[in-house]
Every structure is written in C-alpha cells, then in structure tokens.
Amino acid sequence: MRWKAACAYVAQTHRHHDAPQGHQFSLGVHTDDGRLVGVAIVGRPVSRHFDNGLTIEVTRVATDGTPNACSALYAAAWRTARSAGYRRAITYTQDGESGASLRAAGWRKVADLPARPGWNAPSRPRRTLGTENVARALWEITTHNAPPLPDPRDETRDETAAPRGRRKRCPECKTPITPPPTGRPARYCSPACRQRAYRRRTASH
C-alpha cells in the first residue's frame, strides 16, 4: 500500500495509536470483492537497541475486525521482510491483548516488558503519545540464522541515566558517531558505510 493510504486507514480504525512517522513498506488485506479490511505498517525498530540492519518492526496493524485479517497481515509482513534480507521481525502488544493473531502467523512471545513513563529523553526528545504507562509484550519471528536478540531490558532502560561521554561506534569502520541534537541516532557514520553494510547483507542472500 502507499504510505498515505495506510496512515489514513490507521487514523480511522486503530484503537490507541496514531500513524507512525515513517515506514519501509506497508501492506493491505482485501476481501474477495476488493474491500480493504486491514493494513500493516512496517519500519525500522523504534528501539535503537534492536536497530541492527537485520531487524524490522511491524509498527502498526489495524483492521475492521474481519476474521483472520490480522494474522494474514503479520504473516505477509514477515514474508515481505524476509525476502528483502531481514532476519528478524518484531512487534509489540499491549497488556490485555492476547496475541492470538501473532501466534497464528507463527510469531512467538519473547518477553513481557514493564510499563515506562514515556520515551522522552535528552538524547531523543519525544512528545507524549497517550500510550505511556502501559505494560507490553515483545514478539518476534526469525530466520534460522538470525543473530541473538539484544537483552529486551535495554529497550526499557532509563536513557536519562546513560553515562556521559559514551559514543556509539559505526559497525563498519568503528568510527565514533556524534549523536544528533534531536531525532533518531545515526546507525552508521556515513552514507558510504551504510551502503557497504547493505551490499554485504544482500550479498549473503
């Protein structure tokens, strides 16, 4: 699906989230007569601890309640991500959601995560979303050769207490990366390193 169309559907039907800020791809599921009954939006992991270039996150799934639409979207999201070279897909459910659609699509629960007061931090300013203070569950589906998942506890740590002076290094050339004043921290030190990592990842498939 086109990005704007997927966002419009999420804004209309999702119970507790607005549309995300971006995507890698979006998918829709239709009935036999062509009626759109659900969308999935898939992007880079929101948590930087999982953003390793081999992991993708299903950030939104919204349906009109049509049976099996959710599981069809989760399964299609993983097929699409795997064909693009990703080795792991993750997503979250909120406390009180059973995850039945995820299990039906072959996903498994990795961890139950405690509620946190919000995602705003000096290193990554964020606005209040209205979904804070809600416990969540982390789910994944992987290829057989997926790298180990980082400790899920890192995803909920207090970023305001991070040691000063610690600088992330580029995984390609090991050059320290200067964090931007706002927004998502850079994964690589330069477009050239990002391109080399992409070529190596795609060459292995």
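Points worth noting:
- Consider the range 176-205 and keep the residues that are of a type in the set (Ser, Thr, Tyr) and part of a helix (DSSP H, G or I). The one that is modelled with the lowest pLDDT is 202.
- Evaluation of residue 102 against the conditions (1) in a loop (DSSP other than H, G, I, E, B); (2) at pLDDT 95 or above shows that the sole unmet condition is (1).
- Residue in the range 155-175 that is surrounded by 10 or more Cβ atoms within 10 Å (Cβ to Cβ), assigned to a loop (DSSP other than H, G, I, E, B) and modelled with pLDDT under 55 present: yes
- Screening residue 59 with (1) open to solvent by 20 Å² or more (accessible area, probe 1.4 Å); (2) part of a strand (DSSP E or B); (3) closer than 18 Å to residue 104 by Cβ gives one miss only, at (3).
- Qualifying residue in the range 137-151 (condition: surrounded by 12 or more Cβ atoms within 10 Å (Cβ to Cβ) and either among the small types (Gly, Ala, Ser) or at pLDDT below 60 (or both)): yes
- Restricting the range 79-91 to residues that are touching a Ser or Thr at 6+ places or on another chain (Cβ under 9 Å) and not aliphatic (A, V, I, L, M), the residue that is most open to solvent (accessible area, probe 1.4 Å) is 82.
- Summed over the range 9-56, residues that are open to solvent by 50 Å² or more (accessible area, probe 1.4 Å), over 30 Å from residue 149 (Cα atoms) and at pLDDT below 90 total 2.
- Exactly one residue among 84, 115 is at pLDDT 90 or above and out of contact with any Asp or Glu (no Cβ under 7 Å at 6 or more places or on another chain), and that residue is 84.
The values are calculated or read from the model by the stated rules, or taken from the named source; none is laboratory data. Nothing here was measured: the structure is a model prediction, and the numbers come from that model. Because the Cβ atoms are built from the backbone with ideal geometry, glycine has one as well, and the counts that use them run over all protein chains shown. Accessible surface areas use protein heavy atoms only, side chains included; no ligands, DNA or RNA. Shrake-Rupley method; radii C 1.70, N 1.55, O 1.52, S 1.80 Å.
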